Each structure stands twice: as structure tokens, then as C-alpha cells.
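The values are calculated or read from the model by the stated rules, or taken from the named source; none is laboratory data. All figures in this text were calculated on a predicted structure; none of them were measured in a lab. For neighbour counting, all protein chains shown are included, and Cβ atoms are generated from backbone atoms with ideal geometry for every residue, glycine included. All accessible areas refer to the heavy atoms of the entire protein, side chains included, with ligands and DNA or RNA removed. Shrake-Rupley method; radii C 1.70, N 1.55, O 1.52, S 1.80 Å.
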Amino acid sequence: MRNIAFTLTMLLGLVTSAQATEGDIDAGKQKSATCVACHSVDGNSAISMYPKIAGQHSEYIYKQLKEFKSGDRKDPVMAGMVAALSDQDMKDLAAYFSSQTMSAGETPEDVVEAGELLYRGGDMERGIPACIACHG
């Protein structure tokens, strides 16, 4: 059963990432003023508790914004941030942040290899799908 759930999770990620989002980068930049406080101007957050969203796939960013807005993904801060966004606003923000270049992180060398294994193949024993299945 665990293997089936794992496989379905990976497939769902692939299907979701295949959905096209058509946003306007310039419009997204104009709409990103609120995002800057946590994610920085270009999506490269300087605060480790907030994710870097620069260079992330637009489909993934759009999906997360939709899930915060619908309540499928819970975060009280993000729920407030996306409450007034239209579907097009979310597509535009996704286009803008995906067009940015992610800066290098500060991952300790002793966890890089294990992280790469999770990213590429997940961990079936712990029910962790491969990161690449959703994030690309």
C-alpha cells in the first residue's frame, strides 16, 4: 500500500507540473511588492525560514499559491497574502519568480549527498517521494 501511495504521489506531481501557466513576467514583478518582505525582491530570501522561490518552476509556484488560497495548504501568513489574488495574479507572480535566478544556498557539505538522493529518488521506506517529481 505504501508503494502505491508513493507512486501516486510522484505521478500527481508530474501531472501537476505538466500544466501550463501563462503569466506575464512584468505584471508579476509589479504585483510582487507584498512578497518582497519574506521572499526578497528576486525571490532569493535572505531569511532561511522563508523558501527561495527564484527559478522555481512557474507551475509549481502557481500550484502552491492556489493551494494556499483554497486552504488545501495551510499557513496563516500565506493565506492572508493570497486571499485577494486573482487566478491571473497568481500566474503572473509565478511567471515573474520563475524567471529569476536562484542564488546559491548554504547547505552543509555533509548532507549534500543524502539530499541529492532524496531529490532524485525519494525514500520509499519513509514514504518520501522524490523532490524532482513535483519541483522538477
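Apart from one condition, Ser17 fits all of (1) at pLDDT below 70; (2) touching a helix residue (DSSP H, G or I) at 6+ places or on another chain (Cβ under 6 Å); (3) not in a helix (DSSP H, G or I); the exception is (3). Scanning segment 97-117 for residues that are in contact with a helix residue (DSSP H, G or I) (Cβ under 8 Å, 6 or more places away or on another chain), open to solvent by less than 60 Å² (accessible area, probe 1.4 Å) and in a helix (DSSP H, G or I) turns up at least one hit. Of the residues making up segment 69-96, those that are in a helix (DSSP H, G or I), more than 17 Å from Gly23 (Cβ to Cβ) and of a type outside the set (A, V, I, L, M) are Ser70, Pro76, Gly80.
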